[in-house]
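Report on the structure given below.
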Amino acid sequence: MEKFMCRAIELAKKGEGFCHPNPLVGAVIVKDGRIIGEGYHARYGDLHAERNAIKSLTEPAAGATLYCTLEPCCHTGKQPPCTEAIIENGIKKVVVGSDDPNELVRGKGFEILENAGIEVVRHFMKEECDALNDIFFHYISKKTPYVIMKYAMTADGKIATETGKSKWITNEASRAEVQRLRHRCMGIMAGIGTVLADDPMLNCRLEGGKDPIRIIADSSLRIPLDSQICKTAKEQRTIVVSAVKNEDVSRIRELEAVGVEVINCYDPNIHGVDLRCLMRKLGEMKIDSILLEGGGTLNASALKYGIVNEVRAFVGSKIFAGKGRFPVEGTGIDEVEDSYRLKLKDIERFGDDVMLTYRREVDRCLQA
Ligand SMILES: NC(=O)c1ccc[n+]([C@@H]2O[C@H](COP(=O)([O-])OP(=O)(O)OC[C@H]3O[C@@H](n4cnc5c(N)ncnc54)[C@H](OP(=O)(O)O)[C@@H]3O)[C@@H](O)[C@H]2O)c1
């Protein structure tokens, strides 16, 4: 029944921002057409959705149907396998949306349930369930963060005036959506150009929201010690990424003293931070998602090196005219067929502004 899976999806979303790098999962237990238990994965390391649903049961689950957005796990991680709890509680049917691509689970969860005599329905509202976990599906298979390139531009395509002013291109409702994205993503990345121009905080101002880990691409560690970012690095984790062969150790010590972590991603053949090396390192740090709020220079490199998975273009209802800064700068193309290709996923309206959500199609970026 769709309404039960819709409820499971709604529950799964409550975990947004808190269960990285785990997936968002919701579960609903139904008996005689009534919900008798429901739950979601609320926080990394806590109970999974199925066990939370079982914990909340108002009556025994024997003979009931479980609706779950993702294939139940069958391995012991931070929590015991959910398949065990499902079997022990006498659930007779399990309806699932997404397959779990995690190699520890992939198909085995279903197999264990079926071997225990439970009827399993797969791929029920799969598209809607899959949409919950773009980040998880990417991270679990590629081991690098899912990158969302976000920018706010005027109706004539500028992200700042010629003098570098960008406050504010979009309205309050659009900016509130950006705060939700900051809460949703584990990291936020900008280039040193944006830090020097805007002195941003790059925090999350959503009530009850979670601050993302700040990542600044800054080859020669130009970030000022009196920038908002350095001044708050002890409260909000901050990684500054350098890209020089011979590092200035005293400068690193200075930054570390104010709470900044410095990592190096140097490649003699690349100007600036080696972004693919950076993505591997961030993946190893278990950072599964990044909101890229770079200026046009960093955005251009991010596209060129193929690290962008999604684009969120906010279009404000203003025109700057004349010259200005663009969302993607760098070296442009001569031929239209050489464009970076996007697939439109969604259009959302915020008053007079719109947000266009695109998925990146793999094409002309440099392949790893
Ligand atoms: N409206 C919006 O959504 C929005 C968002 C962000 C920024 N902005 C505006 O954009 C302007 C700043 O743009 P920007 O292009 O100067 O800044 P940026 O893209 O944030 O930073 C560029 C700098 O990052 C460093 N960098 C390190 N590794 C890099 C790499 N692999 N590729 C590219 N750059 C790398 C380079 O400096 P080093 O060589 O020293 O490392 C480079 O000059 C400001 O006016 C700001 O207000 C607007």
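The values are calculated or read from the model by the stated rules, or taken from the named source; none is laboratory data. Bear in mind that the values here come from a model prediction, so they are computed numbers and not experimental data. All Cβ positions, even for glycine, are placed from backbone atoms using ideal geometry, and neighbour counts span all protein chains on display. For accessibility, only protein heavy atoms count, side chains too; no ligands or nucleic acids. Shrake-Rupley method; radii C 1.70, N 1.55, O 1.52, S 1.80 Å.
Answer with yes or no whether Ala61 is open to solvent by less than 60 Å² (accessible area, probe 1.4 Å), out of contact with any Ser or Thr (no Cβ under 7 Å at 6 or more places or on another chain), aliphatic (A, V, I, L, M) and at pLDDT 95 or above. For Ala61, the condition - open to solvent by less than 60 Å² (accessible area, probe 1.4 Å), out of contact with any Ser or Thr (no Cβ under 7 Å at 6 or more places or on another chain), aliphatic (A, V, I, L, M) and at pLDDT 95 or above - is not met. Number of residues in the stretch 294-309 that are over 20 Å from Thr154 (Cβ atoms) and out of contact with any Lys or Arg (no Cβ under 6 Å at 6 or more places or on another chain) equals 6.
Residues of the stretch 325-365 that are at pLDDT 95 or above and small (Gly, Ala, Ser): Gly351 alone.
The number of residues in the stretch 142-151 being more than 8 Å from the ligand (Cβ to nearest atom), among the charged types (D, E, K, R) and not in a loop (DSSP other than H, G, I, E, B) comes to 1. Residues being under 21 Å from Pro21 (Cβ atoms) and among the charged types (D, E, K, R) are entirely absent from the stretch 221-235.
Being more than 18 Å from Ile239 (Cα to Cα), within 15 Å of the ligand (Cβ to nearest atom) and buried (at least 22 other Cβ atoms within 10 Å of the Cβ) holds for only one residue in Thr163, Thr194, Thr170, and it is Thr170.
Within the stretch 331-348, the set of residues being closer than 24 Å to Leu298 by Cβ, assigned to a strand (DSSP E or B) and not aliphatic (A, V, I, L, M) comprises Lys343, Lys345. Within the stretch 260-274, one or more residues are in a strand (DSSP E or B), at pLDDT 95 or above and hydrophobic (A, V, I, L, M, F, W, C). Restricting attention to the stretch 315-357 and to residues that are of a type in the set (A, V, I, L, M, F, W, C), more than 15 Å from the ligand (Cβ to nearest atom) and more than 16 Å from Thr161 (Cα to Cα), the residue that is surrounded by the fewest Cβ atoms within 10 Å (Cβ to Cβ) turns out to be Val336.
A single entry from Gly191, Gly164 fulfils the requirement of being touching a residue at least 24 places away in the same chain (Cβ under 8 Å) and on the phi > 0 side of the Ramachandran plot: Gly164.
Every condition in (1) out of contact with any helix residue (DSSP H, G or I) (no Cβ under 6 Å at 6 or more places or on another chain); (2) open to solvent by 60 Å² or more (accessible area, probe 1.4 Å); (3) closer than 22 Å to Ile239 by Cβ; (4) assigned to a helix (DSSP H, G or I) holds for Leu298 except the one numbered (2). Pairing each residue of the stretch 218-236 that is on the phi < 0 side of the Ramachandran plot and near the ligand (Cβ under 10 Å from one of its atoms) with any residue that is open to solvent by less than 100 Å² (accessible area, probe 1.4 Å) and among the charged types (D, E, K, R), provided the two are 6+ apart or on different chains, yields C-beta distances under 9 Å for Ser220/Asp248; Ser220/Arg251. Among the residues of the stretch 201-210, the one identified as touching a residue at least 60 places away in the same chain (Cβ under 8 Å) and within 16 Å of the ligand (Cβ to nearest atom) is Leu202. Just one of the listed residues (Arg276, Arg312, Arg280) is in contact with a strand residue (DSSP E or B) (Cβ under 6 Å, 6 or more places away or on another chain), open to solvent by 30 Å² or more (accessible area, probe 1.4 Å) and in contact (Cβ under 8 Å) with a residue 24 or more places away in the chain, and it is Arg312.
Given the stretch 152-257, what helices (runs of 4 or more DSSP H) lie entirely inside it while holding 1 or more residues that are more than 17 Å from Leu298 (Cβ to Cβ)? Filter on the stretch 152-257 gives 172-184, 228-231, 249-257.
Taking the numbered list (1) under 18 Å from Lys14 (Cβ atoms); (2) open to solvent by less than 30 Å² (accessible area, probe 1.4 Å); (3) out of contact with any Cys (no Cβ under 8 Å at 6 or more places or on another chain) in turn, Gly97 passes all entries but (3). The set of residues in the stretch 35-54 that are within 19 Å of Gly109 (Cα to Cα) and either of a type outside the set (S, T, N, Q) or in a loop (DSSP other than H, G, I, E, B) (or both) comprises Gly39, Tyr40, His41, Leu47, His48, Ala49, Glu50, Arg51, Ala53, Ile54.
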